[in-house]
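Down below is the structure, laid out as C-alpha cells.
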Amino acid sequence: MILWRRKKKESLGTGGNKPPGKDQPDIIMGAANLKDFIAPSIVKEIIPGDRNMLGQRCSDYYVEVGGTAEMVRYFRSFYAALTTGYTCAGMLSGLFAGDFGEADCDVAVHVMPTDSERTLWNLEQKIAQKEVAFKEEPNPARKQRILREIQDLQRQHANLVSGDETVMNTAIQVLASATDLEVFKRFCTMLIKSFAGKGIVLRPADGNQLTALLNMTPLDPGRIWYPFRNAEASNLADWFPFGLGGIRHRDGIVIGEDNLGKLVFFNPWHHGNGNYNIVIFGRSGFGKSFLIKLMVARLLVTPILTQSGPKDVRVAIIDPAPEKEYRNLMCALGFPHIELSPHGDHRINMFDLYDQEDEDGRVRVNVEETVKAVRAVVFRMIRGYDNRDEILAGNVKIKIENLIKKLYSDRGITEDPDDLYDPVRAAGPEFHLERRKKTMPVLSDLYDLMKDDPELGKAAEILRTFTRYGGSKSNSIFDCQSNVDISKCQAFTICVADLDEEILRPLGLFVATKWTWEIFGSHRSVPKMIVTDESQLIMDKSVPELAGWLENAFRRSRKKNISMCSATQGFEVFLRVEQGLGVLKNSTTKILLKQDSVDIEAVQEKFNLSEGEAACTLLFKKGQGIIKVDNDSALINITHTPREYMMFTSDPNDVVEILKGGGACDN
C-alpha cells in the first residue's frame, strides 16, 4: 500500500528556511534595549595576585564593576561583628553617615525569622550547659561571670515564652565603593579603624566578595550564613536610624519633630559643628520669628553641653521690626528690653571699647576693629546725602579714619586693657573701690576735628546733621555716651524700630550688633548668641564696610564662643553683595522655612538642596522647614506648648485674643 504524504511548502526564498544572502546580525536585535544601558561592561572578583582593569597587580580582595556612567567602580563588603551582647539606640549611626572619606558607604541589615520552638530548645540547652559550668568552676570571679550569662539567657527565655520578645537571625553588612582605587583603599582602612574601638569589628567577606555584593541586590544567589547571629527585636530596633532625626545631635534644645514624629535636638555649640553660626531664611508669616523666640527661650532655660561641660547661654536679640515682637518675650522671661528711640532714654555709644580675651588667652582691647566699625557708620551717614560718592574721595576716607584713631590716642587708649581706665589718684575728695573707665569719644568729637580740616569741610557739614549740633534729636541718637549696662545680663533685646527707616535703622541694627559683640567678647568661656533679625538691612551695597564687618564677625565668632544668628526673609537681597555669600559660607547651620518660587533656584544652588528638598520648601506650611547642619539635614515641624505659643505668636488675630485675656506685659 502506498501512503501519500502532503509535501511541505518550501519557503519563498531559496534554501528552504534559511534566510537568503550572507549571514549578518538581525537588524531588529541590533536596536539597543534597557539591558544594554544598565548592564555592566564587566563584573570581576579580584583576589590578591590578580590584575585589575587598569593592569595593576592587586594585593586585596574586592569586586570591580565596569559601567556606562563611569569607567569602573570598586566594591568591598564587610560584616559587622558585635563584641558585646548589649545595644543602644543609634549605635550604627556612624555607619549610616559614612563620614570616613570621599567614598560611598551602604549598609544592609539582613533579617531572617527563627523557629520559636527550636529557639526555646536551644536556650534551654544553653542554660543547662552554663549551670553545669557554674557548679564546676572553682574561680569565684569566673563563677560570677557565668552567673550573669545564665541570668541573661533566662531573661531571653522568659521574654520569648511571654511573647514580649522575638529572636531573629541577623547580619549587618557594610559595602564600601568608590571610582578611585586609592581613595577606595583609604576609605576601607578608615572604616575598619573607626569602629574597632566601639565594640563593632568589621570583618571583610574575603573570598566571597562577589557573593556578598550580590547579597545586597535582587540578584541574591544565596546567603552567606557564617555572619548571621541571633538578636532580639529590641536589639534590632537599636540598629536602625529611625526616629533619631537627620542631624546627629543628641543634646541641646528640642526645636521640633521630624517627619516620623520623633524629637529633633539641636545644639549650636555641638563639638562636631565647624562653627556655631546659624542663618534662617523664610517668607514672612511662616514662623521665622516664632522659631527664633522658641530657640532663645529654650536656650535660656536649658544648660548647653559644651566640650568643657554644661553651660548657661547668654543671648542678645537686635530687632529692627516695627512690630517690636521680641519685647513681650523678654518681659515674660524677666529680661531687659532696650529701645533706641528718639522718644526714649536708652542710648549706646558706637565708640565704646571693652577688653577682650583672644584665642590664646591674652586680654587686650581691639581698637582697630572699633575704628573700622565707626568708620563704616560715618561713611554711611555721609553717603546718605552723597549718592554719587563725590565727597568720600580716597584721601578723605583716609583722613577720617586717622581722625577716629586720633580720638583714642589723645585719650591714651591703646590695646593695653589698663589704658581703658583712669589712673588711680593717691589723694582727692573721693575714693573709689573700682577703677573708673575713661570717657569714650562721641560723634560730635569727630565732627569737631573734621570741621577744622578744609579738605573735610563738605563731609563735616553732612556729619554735623547727625550730631547734637544739628538740632535733631532723632538724627543725633548716636552722638552720646552709653547709659545702659548689660554686662551682667543673661539676655536682652535692643530694638531700633523707631529710627529713620532709610538711614538710621540699618545703622542702628549695625551699631547695636557691634556694641553687643564687643561686650560678649569679654567672656570666651561662656556660650553666647547674637540674633540679628532682618539682617539684609546691613547688606547695603552702597556701604560694603557694614556688610564686611558682619561677614568678619561670622568668620571670627567661633574663637569668641559666639553663635551669630542671622534671620531674613529677603534671600535674594541678602546675597546681592558678596559679603552675604561669605556669611552663608561661614554658617554651619542653615534653617529653611517656606520659600518663594522666585528665589527657589538660588536657594537650591546655595544650600545644595536636592530636587525633593527644594520642592518641599515651596509647599511648607507655617512652622515647617528643613534644618541643615554641615552635611546632615532633617525635615522639622516646629512644636510648642500652649504657653509658648501665647508668648511667641505674632499673628495679629492671636495677639488680639491674648490682649483681651490680659496676656500682655508692661515695659
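The values are calculated or read from the model by the stated rules, or taken from the named source; none is laboratory data. Note that the structure is predicted; figures quoted are calculated from it, not measured. Note that each Cβ is placed from the backbone with ideal geometry, even for glycine, and that neighbours are counted across all protein chains shown. Side chains included, ligands, DNA and RNA excluded: accessible areas come from the protein's heavy atoms. Shrake-Rupley method; radii C 1.70, N 1.55, O 1.52, S 1.80 Å.
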Legend entry - Restraint check, K293/K397; K293/K405; K438/K560, Cα-Cα greater than 30 Å: K293/K397; K293/K405
Legend entry - Packing-based ranking, highest mean first, of 502-509, 437-444 given that Cβ atoms within 10 Å are counted: 502-509, 437-444
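I want the local charge near L175. Using Cβ-Cβ distances under 12 Å, sum +1 for each Lys or Arg and -1 for each Asp or Glu among the other residues. Write down the numbers at each step before the final one.
Details: positive: R73, R76; negative: D104, D106.
Surrounding charge for L175 is 0.
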Inset, instruction - With only alpha-carbon atoms counted, please give the Rg and Dmax of the chain, in Å. - result: 35.3, 155
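What FRET efficiency, computed as 1/(1 + (r/R0)^6) with R0 = 22 Å and r the Cβ-Cβ distance, is obtained for K585 and K621, rounded to the nearest 0.05?
On the way: r = 30 Å, r/R0 = 1.35.
Given R0 = 22 Å and the Cβ-Cβ separation, E is 0.15.
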Inset, instruction - Round to a whole angstrom and tell me the spacing of the C-alpha centers of the range 536-562 and the range 330-369. - result: 16 Å
Legend entry - Residue-normalised accessible area of the chain, given per residue in Å² at a 1.4 Å probe: 53 Å²
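Looking at the calculated P(r) for the range 547-611, what percent of the C-alpha pair distances fall above 20 Å? Provide the component values of the computation, followed by the final result.
Values: 575 of 2080 pairs.
It works out to 28 percent of all Cα pairs.
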Legend entry - Karplus-derived 3J(HN,Hα), 6.51/-1.76/1.60, for each residue of the range 486-500, Hz, glycine and proline x: 10, 5, 10, 7, 6, 8, 6, 10, 10, 9, 10, 5, 7, 7, 3
Inset, instruction - Search the structure for amide H atoms under 5 Å from the amide H of T306, placed 1.01 Å from N in the peptide plane, and list their residues when 5 or more places away or on another chain. - result: K311
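Using only helices, what value at 222 nm comes out for the chain when you add -39,500 (n - 2.57) per DSSP H run of length 4 or more and divide by the total residues, to the nearest 500 deg cm²/dmol? Could you put the intermediate results ahead of the total?
Numbers: 21 runs with 228 residues, N = 667.
So the calculated ellipticity at 222 nm is -10500 deg cm²/dmol.
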Inset, instruction - State log₁₀ I(q)/I(0) for the range 395-522 at q = 0.12, 0.19 Å⁻¹ as given by the Debye formula over alpha-carbon point scatterers of equal weight, solvent excluded. - result: -0.62, -1.28
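Please find the FRET efficiency linking E165 to R229, where r is the Cβ-Cβ separation and R0 is fixed at 22 Å, and quote it to the nearest 0.05. Mind dumping the intermediate values first?
Values: r = 15 Å, r/R0 = 0.70.
The formula returns an efficiency of 0.90 here.
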Inset, instruction - Can you bin the range 471-565 into rounded, prolate or oblate? Criterion: square roots of the alpha carbon gyration tensor eigenvalues sorted a ≥ b ≥ c, rounded for a/c under 1.5, prolate for a/b above b/c, oblate for the rest. - result: oblate
Inset, instruction - Could you pull out every residue, at least 5 positions away or on a different chain, whose amide H is within less than 5 Å of the one on I338? Hs are placed 1.01 Å off N in the peptide plane, and Pro or chain starts have none. - result: T493, I494, C495
Inset, instruction - With unit charges on the beta carbon (Lys/Arg positive, Asp/Glu negative), name the residue among L403, F351, I477 whose Cα is farthest towards the positive pole of the charge dipole of the range 348-494. - result: I477
Legend entry - Inter-label distance for E455 and E501, nm, one decimal - labels placed 7 Å from Cα along Cα-to-Cβ: 4.0 nm
Legend entry - Radius ratio Rg over Rh of the range 334-464, counting only Cα atoms, Kirkwood formula for Rh: 1.04
Legend entry - Cβ-based net charge around P342, under 11 Å, with every Lys or Arg adding one and every Asp or Glu removing one: -2
Inset, instruction - Please give the contour-minus-distance gain from T439 to R555: 0.36 nm per residue of separation, less the Cα-Cα distance, rounded to one decimal in nm. - result: 38.7 nm
Legend entry - Whole-Hz ³J(HN,Hα) from phi, Karplus 6.51 cos²θ - 1.76 cosθ + 1.60, for the range 573-579, glycine and proline x: 5, 4, 9, 5, 10, 5, 5
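Share of the chain's accessible area from carbon and sulfur, percent, 1.4 Å?
Numbers: 17990 of 35180 Å².
In the chain, the share of accessible area belonging to carbon and sulfur is 51 percent.
Summing +1 for each Lys or Arg and -1 for each Asp or Glu, what net charge is found among the other residues whose Cβ lies under 12 Å from the Cβ of A133? Kindly include the intermediate steps, with their values, before the conclusion.
Working: positive: K126, K130, K135, R142, K143, R145; negative: E131, E136, E137, E149.
Net charge in that neighbourhood comes out at +2.
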Inset, instruction - Find the eigenvalues of the gyration tensor of the Cα atoms of the range 142-208, then list the square roots of 5 times those eigenvalues as equivalent ellipsoid semi-axes, largest first, in whole angstrom. - result: 38, 17, 9
Inset, instruction - Compute the acute angle (0 to 90°) between the alpha-carbon long axis of helix 394-409 and the principal axis of greatest extent of the alpha-carbon atoms of the chain; round to the nearest 10°. - result: 70 degrees
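Assigning unit charges at the beta carbon (Lys, Arg +1; Asp, Glu -1) and nothing else, what dipole magnitude in debye, to the nearest 20, does the chain show about its Cα centre?
Details: 84 positive and 91 negative charges, 416 e Å.
Computed charge dipole of the chain: roughly 2000 debye.
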Legend entry - Cross-link table K399/K437; K514/K559; K528/K606; K262/K559; K324/K458, entries beyond 25 Å C-alpha to C-alpha: K399/K437; K528/K606; K262/K559; K324/K458
Legend entry - Selected from C495, P506, G457, residue furthest toward positive end of dipole (the range 430-527; charges at beta carbon): C495
